[in-house]
Amino acid sequence: MNLLNVLMLLPLAGALITFALPRKSPQFARLVALAIALITFAGGMALATNYHVSGTPQFVTDVVWVRSLDIHYHVGVDGIGLWMIVLSTLLAPLAMLASWNVITRRVNDFFALILLLEFALVGVFSSYDLFLFYVFWEVSIVPFLFLIGIWGGERRMYASLKFFVYTMAGSVLMLTSMIYLYTKVRTFDLTTILSALSSGRLALSPAEQTFLFLGFFAAFAIKAPLFPFHTWLPDFHEQAPPAVSMLLLKMGVFGLIRFSLPLFPVAARDNAPWIIVLAIVGIIYGALLALSETNILRLIAYSSLSHVGFMVLGVFTFTQLGMDGSVYQMINHGISTGGLFLMVGLLAARRNSTAIDAFGGVAHAAPWLSTAFLITTLAGLGLPLLNSFVGEYLVLQGAAEANFRYAVFAAIGVILSACYMLWLYQRLFYGAKPDRAYPDLDVREWLCVVPLIILMFWLGIGTQTFLPAITGTTSHLLDDSRQSIPFRVEAARAH
Amino acid sequence: MLISPPAAVEYIRFLPEIILSIFGTLLMVLNPLIRKHGSSIFGNISILGLVAALLGAIYADGQVGQAFSRMIVNDDFANFFRVLVIAIGIVIVLGSYEFLSRERADTGEFHSLILFSVAGQCIMVSSNDLILIFIGLEISSIATYILAGYLRDDRRANEAAIKYFLLGSFATAFFLYGISLIYGTTGSTNLTDIHVFLSSPSRPLLLVGVSAALMLVGLTFKVSGAPFQVWAPDVYQGAPSPVSAFLSAGPKAAAFAVFLRIFLTAFPSISHQWWPVVWISALLSMTIGNFAALTQSNIKRMLAYSSIAHAGYVLVAITAHSDIGAAAAMFYLAAYACMNVGAFIVVSHIAGKGEKHVGISDFKGLGVRQPITAALLTIFLLSLVGVPLTGGFFGKFYIFQAALQSNMIWLTVLGLLNSAVAAYYYLRIIGAMYMQEAVASTPVPQPLPRSTRFALLLPALGTIILGVFPSAVLDFAIKSANFLK
């Protein structure tokens, strides 16, 4: 059986098993779920080592799901999906470890939902059928709904419902676009649609392209989230258990690259100017809000709004470097922002608060924790030798190639991110000695933190491990969309 | 026309209705004979009759053809809906055991009314003649008027029954008036004859249009589509929950079947006249239903508004006036029946004696107190929201695909945005169950009886199967939607 299918079936089966395990022994459920997640991670590593750099998807399975509508279960891995899948399989066991003792209520359900979420994430990152993608896209919000709603903070119900309804509103617009495409080509298969587009069998008028593009864009911009569709994000991160926040990977940006760009190359280029403006506004606005925030989780949420701005900017420069950079940032975001959430979770477990002014001088009491936090902070603000530097540099270089002014404005965001991150670090860890004991990292916490820190350095120094696979896919993507543009404009005119 | 005595095969084509009528009558006869209250014997007989009728319908599907001077048309379409309404009947009877014993109201009357109503619905979906459709509609409706007021001493139930009866008779009168006009114009009540007559270029468009409009009023009322939806919230709220479950599924599915048959068999040639009207009705139903449901705190009333919205989705499929639209409506009605009946039965279970606990706040902490009930209700609600891998999603997807196929882009966009709004009020219930703790005033629900558990597992299974493996039902719907040609 195809390794990719194993990666999907394992978490799904694991989720069902964990749901069914006896509720009297939560420790057993934790161990079972963690074991399954670790096996899945091993599978993810195997996926990465067996992946050959090329522009075409690998580990492909294509079977008919609903014959009368030509819906396929068509999954595969390309250079972008690969790293997102590996990241999902890595973060799931870490999220479990991070919430090991923190989650004490309904333990089975929590761990099962994490596995279910992992299943949906792997599905999102590997679908090559529009319908299938939509299924996973929507299914992924259900575990989030419950993970926040049951184990979240004081205003958990508000946050989870807001998240759900927001996402749903975007998704249904994407669904409309998908169905419209289907009525034109009678298939949901991405590769078939793309070849129909490039052969001219499917000719979309510029107006059609624009509306279809906007339908997809609505879903991705809300999910990413891009300014001004971000208002659910701070509530989400503030209320969600930090371990759950780790798993909010950048599906929206991924969708832009996988679907919007190749399907609607002309519309994507036509709409790029205002999208880039939104992205840059998001970079600066997010950073400014992060500066003024008093809650750690909300601060990180705004910083991630700023990061998303970078990713979207990179995509819409339509340059090789910009695209590579934004994919790189998608991975980085999972590692360093994920790492921040994880460590805030560790802090919150010690103080039972996430307000910045509840902390101070933690560095005296828990030096290892503060060192780990410092490395993550520096990684997040883009220090060379650490991961974000590579991504941000690539995006800025790509932006400069497209239009130098973009790079200038985006660079302001980099400066501001240094301000709010370092200021945050200062307020949390320096200052007067804390009024209480802060235990340093224990074994379990070390286990959560170390893999992420290793990856921060690895992504920062060993870029050649990751970049070839990404470039292989993005260059293919860019070539394809570039080639088909003039042709399609002609075809549309003839139409 | 010389009427010859019916052949044996014609009885087979009418088999489900015959079985249901026999069992319905049997229950009426047995009612005074068995005085032992609290026994479930009536329910068991009723289930037996329904299962026999279900098998009868499956058997009848092997004998496709017309019967009784072309009054009955026993085709795949008819049998799809027969199986659907009978299955709804089975689940409702199973789900009402708990209610009937709780209210000490276990009589044969209740069950025979259900059986007669189902028989009427079977007649509706399998007749090819307006007169017989009307008779079936009346059999089904009169039984449901009584069922709505089944709890004689309950004032809200009485109010519901009276409202339902008065408005319902009024709507049927419209329908009948439409029939009489069409008979005057075309000289026939047979749908095929009407279709042939209307295909000629010399048809009197105005009169036919007026009669189609009158029938539309009657049918829109029966399916609780806007602007004739106002009765639904009061009736669903006042009637006992199992009856509300029944009203929202069985008669509605049958009325939609009639809707499809009349408007796609008899009136396709004037579709340019009626589809814009249905377009408006669909949009109004979805919007009114969903936005009114947002503010409800009574869960029965909320589900009533939600069922108006769902009628709107099916009306979208009818607006598409195509084979795919018909198939989509059929599939959706099956999915809708599963999720809505399931949700109402959970409500009936939680409501307790006298149905006192029907507020959304009464569901607080149910996820902890009764995990299985809560999980099942979650499946139904997620399906009502339209989350993938449930029947509700696939049905909705298929409906809007049919609509886009017919170039109804705005209706699709507005309809789907509507479903995003709808997510909020369904999630409120999920929120109450899982995200809020039970407080002192929250009623402690009774343990889930076995009959209710079955009544919930069946539709839950249906919801999941329709969502994950839709092919079987979908292919059958597509095949049987060909009746139009």
Test set (1) within 12 Å of another protein chain (Cβ to nearest Cβ); (2) touching a Phe, Trp or Tyr at 6+ places or on another chain (Cβ under 6 Å) - B:Ser322 fails condition number: (2)
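Rundown of residues vs (1) aliphatic (A, V, I, L, M); (2) within 19 Å of A:Thr191 (Cα to Cα); (3) within 26 Å of the chain's Cα centre (by Cα); (4) not in a helix (DSSP H, G or I), yes/no style:
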position: A:Lys24; (1), (2), (3), (4): no, no, no, yes
position: A:Arg30; (1), (2), (3), (4): no, no, yes, no
position: A:Ala37; (1), (2), (3), (4): yes, no, yes, no
position: A:Met45; (1), (2), (3), (4): yes, no, yes, no
position: A:Ala48; (1), (2), (3), (4): yes, no, yes, no
position: A:Tyr51; (1), (2), (3), (4): no, no, yes, yes
position: A:Ser54; (1), (2), (3), (4): no, yes, yes, yes
position: A:Val63; (1), (2), (3), (4): yes, yes, no, yes
Tally, over the range A:1-43, of residues that are aromatic (Phe, Trp, Tyr) and under 20 Å from A:Tyr73 (Cα atoms): 0
Filtered residue count, the range A:370-395, keeping only those that are surrounded by fewer than 22 Cβ atoms within 10 Å (Cβ to Cβ) and either of a type in the set (Lys, Arg) or assigned to a loop (DSSP other than H, G, I, E, B) (or both): 3
Residues of the range B:462-485 that turn out to be more than 14 Å from chain A (Cβ to nearest Cβ) and under 29 Å from A:Ile148 (Cβ atoms), as a count: 1
Some residue of the range A:186-205 being buried (at least 24 other Cβ atoms within 10 Å of the Cβ) and without any contact (Cβ under 8 Å) to a residue 24 or more places away in the chain: no
Search result, residues across the range A:130-159 that are at the interface with chain B (Cβ under 7 Å from one of its Cβ atoms) and among the β-branched types (Val, Ile, Thr): A:Val135, A:Val139, A:Val142, A:Ile150
Among (1) buried (at least 24 other Cβ atoms within 10 Å of the Cβ); (2) more than 25 Å from B:Val314 (Cα to Cα) - the single one B:Tyr398 does not satisfy: (2)
Test: residue in the range A:172-183 that is among the aliphatic types (A, V, I, L, M), within 8 Å of another protein chain (Cβ to nearest Cβ) and under 22 Å from A:Thr231 (Cβ atoms): yes
Test: residue in the range B:295-318 that is free of Cβ contacts under 8 Å to residues at least 60 places away in the same chain, among the β-branched types (Val, Ile, Thr), surrounded by fewer than 19 Cβ atoms within 10 Å (Cβ to Cβ) and farther than 23 Å from B:Tyr426 by Cα: no
Any chance A:Leu321 is surrounded by 24 or more Cβ atoms within 10 Å (Cβ to Cβ), within 23 Å of the chain's Cα centre (by Cα) and in a helix (DSSP H, G or I): no
Verdict on A:Ala418 being closer than 18 Å to A:Gly391 by Cβ, within 24 Å of the chain's Cα centre (by Cα), among the small types (Gly, Ala, Ser) and surrounded by fewer than 20 Cβ atoms within 10 Å (Cβ to Cβ): yes
Test: A:Leu346 is touching a residue at least 40 places away in the same chain (Cβ under 8 Å), under 30 Å from A:Leu82 (Cα atoms) and in contact with an Asp or Glu (Cβ under 7 Å, 6 or more places away or on another chain): yes
Selection from the range A:50-75 of residues that are surrounded by 15 or more Cβ atoms within 10 Å (Cβ to Cβ), among the aliphatic types (A, V, I, L, M) and within 14 Å of another protein chain (Cβ to nearest Cβ): A:Val66, A:Leu69, A:Ile71
Output for the range A:193-243, where each listed residue is acidic (Asp, Glu) and within 18 Å of the chain's Cα centre (by Cα): A:Asp235, A:Glu238
Considering residues of the range B:401-420 that are more than 8 Å from every other protein chain (Cβ to nearest Cβ), in contact (Cβ under 8 Å) with a residue 60 or more places away in the chain and in a helix (DSSP H, G or I) only, the residue nearest to B:Gly312 (Cα to Cα): B:Gly415
From B:Ser383, B:Ser361, residue being within 13 Å of chain A (Cβ to nearest Cβ) and touching a Leu at 6+ places or on another chain (Cβ under 9 Å): B:Ser383
Residues satisfying the stated conditions in the range A:423-441, i.e. touching a helix residue (DSSP H, G or I) at 6+ places or on another chain (Cβ under 9 Å) and not in a loop (DSSP other than H, G, I, E, B): A:Trp423, A:Leu424, A:Tyr425, A:Arg427, A:Leu428, A:Phe429
Candidates B:Asp323, B:Asp234 - the one that is in contact with an Asp or Glu (Cβ under 9 Å, 6 or more places away or on another chain) and surrounded by fewer than 24 Cβ atoms within 10 Å (Cβ to Cβ): B:Asp234
Subset tally (residues that are within 11 Å of another protein chain (Cβ to nearest Cβ) and not in a helix (DSSP H, G or I)) for the range A:104-129: 2
Failed condition for A:Leu226, given (1) under 24 Å from A:Tyr328 (Cα atoms); (2) surrounded by fewer than 19 Cβ atoms within 10 Å (Cβ to Cβ): (2)
Criterion (over 24 Å from B:Ala157 (Cβ atoms) and among the small types (Gly, Ala, Ser)) met by exactly one of B:Ala282, B:Ala249, B:Ala232, B:Ala253: B:Ala282
Criterion (away from chain B (no Cβ under 14 Å), among the small types (Gly, Ala, Ser) and under 21 Å from A:His74 (Cα atoms)) met by exactly one of A:Ala272, A:Ala196, A:Ala268: A:Ala196
Of all residues in the range B:423-453 being more than 9 Å from chain A (Cβ to nearest Cβ) and part of a helix (DSSP H, G or I), the one that is surrounded by the most Cβ atoms within 10 Å (Cβ to Cβ): B:Met433
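Every read-out reported here was derived from the displayed coordinates using simple, explicitly stated rules and does not represent laboratory data. Quick caveat, the model's predicted, so the values are computed rather than measured. Cβ coordinates were reconstructed from backbone atoms using ideal geometry, including for glycine residues, and neighbour counts include every protein chain displayed.
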